[in-house]
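Notes follow once the structure below has been shown.
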Amino acid sequence: MTRGHGASELHSRAVLRGLAHILLFVLALSCAASARAAEKPKVRALTAFVRLERAPYKEQIAEALAMLRKAKEAYEQAGYEVQSIRISTQPFPEYTRGLGGDAVVAFFREYEALAKKEGFDTAIGPAMLRDTDDPRQVELLGEILRHTTTLNASVVVAGEDGVHWNAVLAAAKLMKFLSKKTRHSQGNFSFSATAMVPVNTPFYPGSYHTGAGRQFGIALQSANVVAEAFASSRQPGTAGKALESALGQHARVIEAVALRLEKETAWSYVGIDLSPAPLKDVSIGAAIENLTGAKVGSSGTMTAAAVITAALRAIPVKRAGYSGLMLPVLEDSVLAQRWGEGTLTLDSLLAYSAVCGTGLDTIPLPGDVTEEQLARIIGDVASLAFKLRKPLSARLQPVAGKKAGERSAFDDPFLVNTTLRPMP
């Protein structure tokens, strides 16, 4: 009896231990799955490129939306969250030709109403594509952006033919205008001066095309993937390989879905912009600090920028747009903090652009910055882009009525407020 009871008890304990091991294994798998989910990039944008015509534009938009919604569903089924669907056009002066200024503004207010109703973002292309284009179109763009809140547009300030100095001056004038004439000076969030930025770029606001349309591209939000890869090692070579592996795995899946959609929809796939875009607390600044162990702007930041760029270039997918490191100060909580502290500056950000991504993006400036100062900043970006034959842009955010030392007062869910720094 006693011996039999002891054997039974030992058996029961063994069973319980086995169940405990199974439970721990299941919990481990669950945690691993959760970690893998957290490390996934999001699809920041599915962008369709449409050659818009005024008369049938609603039918054209409806056709593009049918494709975009099908694509959104396909990516969600593959396990990727899609944050926005977008439609980009050719330069807007091409399809508003013949209309007076008031009629152009009325058309775009109608277009914006459609975009809000149907739930898509839109870019209307550059007001100046060449330096010989009419700068009055930039003034008209000011009225368009003044009377709308969600449209995006640009001015091209450098191309294969060199720096567009007329466009540089026009862009500076527009930035100053929008800082004064839009609520909380937020109009400049929807405008950029772009240099050497290719067509079919899926990121806004510099997105446009010049072809027949019926194309689509993809932009990622993957700062979290960079942060995780860089948390594993502070050795640049090892960290770079970890990033290439982690982001590359997702990029290949995302491209496979795109290629399937291309066959199913007859819309041409133009590529992925691999730029690891941040969004506030999903911070590329935090990712860089994981690698360097120091504040962004300290020694080592240039190395981190180069490591990220090299990893992106090594991923074997069709690339579009910038496909480089983005450091948008006002869209990233850590970058905004470092700007306010003075660790990041205009000059340091421009220096990092020599080995990475987008130039000067969402840079907060005092409201008393002059057009001449803005033009010099834009000219520096354009000159660097042309010299290095790489895409850069200037999205500058002067804050009307605010001086250096005061905080910005943007009222936008995608922007982080910070302390304004003196102009150098």
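The values are calculated or read from the model by the stated rules, or taken from the named source; none is laboratory data. Just so you know, these numbers come straight off a predicted model, no measurement behind them. Virtual Cβ from ideal backbone geometry, glycine too; neighbours counted across all protein chains shown.
Check whether at least one residue in the range 336-346 is touching a strand residue (DSSP E or B) at 6+ places or on another chain (Cβ under 7 Å), surrounded by fewer than 22 Cβ atoms within 10 Å (Cβ to Cβ) and farther than 20 Å from LEU279 by Cα, and report yes or no.
Checked against the condition, which is being touching a strand residue (DSSP E or B) at 6+ places or on another chain (Cβ under 7 Å), surrounded by fewer than 22 Cβ atoms within 10 Å (Cβ to Cβ) and farther than 20 Å from LEU279 by Cα, the range 336-346 yields at least one hit.
Residues THR301, THR345, THR362: which one is under 29 Å from ALA48 (Cβ atoms), hydroxyl-bearing (Ser, Thr, Tyr) and at pLDDT 95 or above? Full working, then the answer.
Numbers: THR301 fails: under 29 Å from ALA48 (Cβ atoms); THR345 fails: under 29 Å from ALA48 (Cβ atoms).
Among THR301, THR345, THR362, only THR362 is under 29 Å from ALA48 (Cβ atoms), hydroxyl-bearing (Ser, Thr, Tyr) and at pLDDT 95 or above.
Tell me whether the range 178-188 contains one or more residues that are free of Cβ contacts under 8 Å to residues at least 60 places away in the same chain, hydroxyl-bearing (Ser, Thr, Tyr) and farther than 23 Å from GLU372 by Cα. Quick ask: steps written out before the conclusion?
Quick first cut of the range 178-188, residues free of Cβ contacts under 8 Å to residues at least 60 places away in the same chain only: 178, 181-182, 187.
Adding the requirement that they be hydroxyl-bearing (Ser, Thr, Tyr) leaves 182.
Imposing the further condition that a residue be farther than 23 Å from GLU372 by Cα reduces the set to none.
Scanning the range 178-188 turns up no residue that is free of Cβ contacts under 8 Å to residues at least 60 places away in the same chain, hydroxyl-bearing (Ser, Thr, Tyr) and farther than 23 Å from GLU372 by Cα.
Regarding the range 399-415, can at least one residue be identified that is of a type in the set (Gly, Ala, Ser), surrounded by 13 or more Cβ atoms within 10 Å (Cβ to Cβ), more than 24 Å from the chain's Cα centre (by Cα) and farther than 17 Å from LYS180 by Cβ?
yes
Taking strands (runs of 3 or more DSSP E) that do not extend beyond the range 84-182, which have at least 2 residues that are polar (S, T, N, Q)? If you could, list the steps in order and put the result at the bottom.
On the way: elements: 85-88, 121-126, 151-159.
Strands (runs of 3 or more DSSP E) meeting the threshold: 151-159.
Pairs please, first residue from the range 53-66 and small (Gly, Ala, Ser), second anywhere and modelled with pLDDT of 95 or more and in a helix (DSSP H, G or I), Cβ atoms under 9 Å, 6+ apart in sequence or on different chains.
From the range 53-66, the pairs are ALA62/GLU118; ALA66/THR265.
So which residues in the range 306-316 are in a helix (DSSP H, G or I), touching a residue at least 24 places away in the same chain (Cβ under 8 Å) and farther than 25 Å from LEU415 by Cα?
So the first thing to find is which residues in the range 306-316 are in a helix (DSSP H, G or I), and the list is 306-314.
With the extra rule that they be touching a residue at least 24 places away in the same chain (Cβ under 8 Å), the set shrinks to 306-312, 314.
ALA306, VAL307, ALA310, ALA311, LEU312, ALA314 - these are the residues of the range 306-316 that are in a helix (DSSP H, G or I), touching a residue at least 24 places away in the same chain (Cβ under 8 Å) and farther than 25 Å from LEU415 by Cα.
For the range 79-88, check the following and say yes or no: at least one residue is loosely packed, with under 15 Cβ neighbours inside 10 Å and out of contact with any strand residue (DSSP E or B) (no Cβ under 6 Å at 6 or more places or on another chain).
yes
Kindly indicate whether THR210 is in contact with a strand residue (DSSP E or B) (Cβ under 9 Å, 6 or more places away or on another chain), surrounded by 24 or more Cβ atoms within 10 Å (Cβ to Cβ), modelled with pLDDT of 95 or more and farther than 16 Å from GLN373 by Cα. Quick ask: steps written out before the conclusion?
Details: in contact with a strand residue (DSSP E or B) (Cβ under 9 Å, 6 or more places away or on another chain): yes; surrounded by 24 or more Cβ atoms within 10 Å (Cβ to Cβ): no; modelled with pLDDT of 95 or more: yes; farther than 16 Å from GLN373 by Cα: yes.
Criteria not met by THR210.
For the range 195-228, what are the residues that are among the small types (Gly, Ala, Ser), more than 22 Å from SER353 (Cα to Cα) and either more than 19 Å from the chain's Cα centre (by Cα) or part of a loop (DSSP other than H, G, I, E, B) (or both)? So that I can check it myself, show each step before the final result.
Initial filter on the range 195-228 (among the small types (Gly, Ala, Ser)): 195, 206-207, 211-213, 217, 219, 222-223, 227.
Pick out the ones that are also more than 22 Å from SER353 (Cα to Cα) and you get 211-213, 217.
Listed by number, the residues that qualify are GLY211, ALA212, GLY213.
Pull out all pairs, ordered by first then second residue, where Cβ-Cβ is under 9 Å, the residues are six or more apart or on different chains, the first lies in the range 97-125 and is surrounded by 13 or more Cβ atoms within 10 Å (Cβ to Cβ), and the second is among the acidic types (Asp, Glu) and outside any helix (DSSP H, G or I).
Sorted first by the residue in the range 97-125, then by its partner, the pairs are ALA115/ASP121.
Within the range 183-194, is even one residue assigned to a loop (DSSP other than H, G, I, E, B) and not aromatic (Phe, Trp, Tyr)?
First pass over the range 183-194, keeping only residues assigned to a loop (DSSP other than H, G, I, E, B): none.
Among the residues of the range 183-194, not one is assigned to a loop (DSSP other than H, G, I, E, B) and not aromatic (Phe, Trp, Tyr), which makes the answer no.
Does PHE189 meet the test of being at pLDDT 95 or above, touching a Gly at 6+ places or on another chain (Cβ under 7 Å) and either surrounded by 18 or more Cβ atoms within 10 Å (Cβ to Cβ) or under 30 Å from LEU291 (Cβ atoms) (or both)? Please lay out each step first, then the result.
Values: at pLDDT 95 or above: yes; touching a Gly at 6+ places or on another chain (Cβ under 7 Å): no; either surrounded by 18 or more Cβ atoms within 10 Å (Cβ to Cβ) or under 30 Å from LEU291 (Cβ atoms) (or both): yes.
Judged against the criteria, PHE189 is not a match.
Restricting to the range 362-376, name every residue that is touching a helix residue (DSSP H, G or I) at 6+ places or on another chain (Cβ under 7 Å) and either buried (at least 18 other Cβ atoms within 10 Å of the Cβ) or within 30 Å of ALA294 (Cα to Cα) (or both).
In the first step, residues of the range 362-376 are kept if they are touching a helix residue (DSSP H, G or I) at 6+ places or on another chain (Cβ under 7 Å); the result is 362-364, 367, 371, 374-375.
Within the range 362-376, THR362, ILE363, PRO364, GLY367, LEU374, ALA375 meet the criteria.
Check whether at least one residue in the range 403-415 is closer than 18 Å to VAL157 by Cα, among the aromatic types (Phe, Trp, Tyr) and in contact (Cβ under 8 Å) with a residue 24 or more places away in the chain, and report yes or no.
Taking the range 403-415 as the starting set, the residues that turn out to be closer than 18 Å to VAL157 by Cα are none.
Scanning the range 403-415 turns up no residue that is closer than 18 Å to VAL157 by Cα, among the aromatic types (Phe, Trp, Tyr) and in contact (Cβ under 8 Å) with a residue 24 or more places away in the chain.
This table checks each residue for (1) surrounded by fewer than 17 Cβ atoms within 10 Å (Cβ to Cβ); (2) within 21 Å of the chain's Cα centre (by Cα); (3) of a type in the set (Phe, Trp, Tyr).
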site: PHE230; (1), (2), (3): no, yes, yes
site: ARG234; (1), (2), (3): yes, no, no
site: LEU247; (1), (2), (3): no, yes, no
site: ALA256; (1), (2), (3): yes, no, no
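List the number of the failed condition for THR303; all other conditions in (1) of a type in the set (Val, Ile, Thr); (2) assigned to a loop (DSSP other than H, G, I, E, B); (3) surrounded by fewer than 19 Cβ atoms within 10 Å (Cβ to Cβ) hold.
(2)
Take the residues in the range 298-326 that are polar (S, T, N, Q) and under 18 Å from the mean Cα position of the chain (by Cα), then tell me which one is farthest from SER233 (Cα to Cα).
If we filter the range 298-326 for residues that are polar (S, T, N, Q), which is where we start, we get 298-299, 301, 303, 309, 323.
After this cut, where a residue has to be under 18 Å from the mean Cα position of the chain (by Cα) as well, the list is 309, 323.
Working: THR309: 17, SER323: 23 Å.
So the residue we want is SER323.
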